[in-house]
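First comes the structure, then the notes that go with it.
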C-alpha cells in the first residue's frame with residue numbers, strides 16, 4: 001500500500017512495522033506499509049517457510065470455523081482479528097449460514113478502521129477496538145451485546161495472538177475469564193508459534209522481529225505443554241493440540257512439503273462442557 005490511505009487513523013505511525021500488517025504481507029494482502037514489507041522480507045530470508053505457515057494458519061481458520069458451524073454454533077468472537085484479508089471468519093461462516101453473527105476485536109486502529117469499511121451493510125457483523133485483557137469490556141460492549149447471546153454457544157478465535165502475550169500478563173488466567181463468560185457448548189480455537197517445532201531459523205527470526213517491534217509486540221513462542229494450558233476447562237477436539245496442518249486436513253493444500261512448517265504454529269480447538 002502506498003500513499004496515505006484516508007482510512008488510516010492519524011495516530012498510527014506507518015513507519016513502525018506491525019504484526020498484523022506483516023502477516024497481511026505474507027498472505028499477499030494489500031493492507032501493509034513499507035516498514036511491514038521490509039520486516040516481512042527480512043524474516044522470509046531467514047525462514048522461507050514463514051509465508052507457507054501463514055497460509056496454513058488461514059486454512060486452519062477455515063476448517064475450525066466450519067467445524068463449529070457444523071456443531072451448531074451461530075455466533076463468533078474473533079479476538080486479535082488483525083487486518084481483514086481473503087477468507088475472513090464472517091465470510092466462511094455466513095457462506096454456511098447467512099444468519100451467523102461475528103464480532104471482531106483488535107487493539108490496533110488500522111485493523112478496526114479497515115474492518116469497519118469491509119463490514120458496511122453487514123448487520124450480522126461488527127468490530128470493536130479493545131485489548132485482549134479487556135474481557136468484560138469486550139463482552140459488555142454494544143456490538144457484543146447486540147450480536148452475541150450469552151445463553152448460546154460462541155465460537156472464540158485467538159489465532160497467532162497469544163504468543164504476543166507475555167507470561168507476566170497471565171494468559172492462562174485471561175483465557176479462564178473468557179471461559180467464564182461463555183455458555184456450555186462454546187468453542188475456543190487457538191494457534192500459537194511453537195518453541196519446540198524444530199523450525200530452522202526461528203530463534204534468529206524472533207531476534208530480528210523483536211528488534212524492529214515495540215515492547216508490546218514481542219513474540220513469545222511456547223512449547224506444546226505450555227500451549228496446552230490455554231485449554232484448561234475445555235475438552236480438546238480430536239486430534240488435540242497438533243501442528244497446524246495436522247488439525248483435520250481436508251487435502252494437500254492444507255499442508256506444506258516442509259514438516260517443520262506444518263508444526264510451526266500449534267493449533268487446537270476446545271469445547272466448554
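Any read-out appearing in this document is the output of simple, stated calculations on the displayed coordinates, not a laboratory observation. Keep in mind the model is a prediction, meaning the values are calculated, not measured. Here the Cβ positions follow ideal geometry from the backbone for every residue, glycine too, while neighbour counts run over all protein chains shown.
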Only counting other Cβ atoms within 10 Å, I'd like 210, 15, 191 sorted with the fewest neighbours first.
15, 210, 191
With no solvent and one point on each alpha carbon, what is the Debye value of log10 I(q)/I(0) for the chain at q = 0.09 Å⁻¹?
-0.38
Over the chain, relative contact order from alpha-carbon pairs under 8 Å, at least 6 apart, %:
20 percent
What are the principal axis extents of the Cα atoms in the range 1-117, in Å, biggest first?
43, 33, 19
Residues listed by number, the range 17-49, amide nitrogen under 16 Å from residue 117 label point at 7 Å toward C-beta:
21, 24-25, 29-34
To the nearest 0.05, the calculated FRET efficiency linking residue 133 and residue 258 through their beta-carbon distance, R0 being 41 Å, is 0.75
Tell me, how many Å apart are the Cα centres for the range 47-120 and for the range 194-273?
18 Å
Kirkwood hydrodynamic radius (C-alpha pairs) into Stokes-Einstein, the range 72-230, 20 °C and 1.002 mPa s, D in µm²/s
129 µm²/s
What does the C-alpha gyration tensor say about the overall shape of the range 181-273? Classify as rounded when a/c is under 1.5, otherwise prolate if a/b is larger than b/c, or oblate.
oblate
Over the chain: helical MRE at 222 nm, DSSP H runs n ≥ 4 each giving -39500 (n - 2.57), nearest 500:
-10500 deg cm²/dmol
Within 10 Å of each residue's Cβ, count the other Cβ atoms and sort 197, 260 from fewest upward.
260, 197
To the nearest 0.05, what FRET efficiency results for residue 91 and residue 236 with a Förster distance of 22 Å applied to their C-beta separation?
0.25
In the chain the DSSP beta bridges are antiparallel at a rate, in percent to nearest 5, of 35 percent
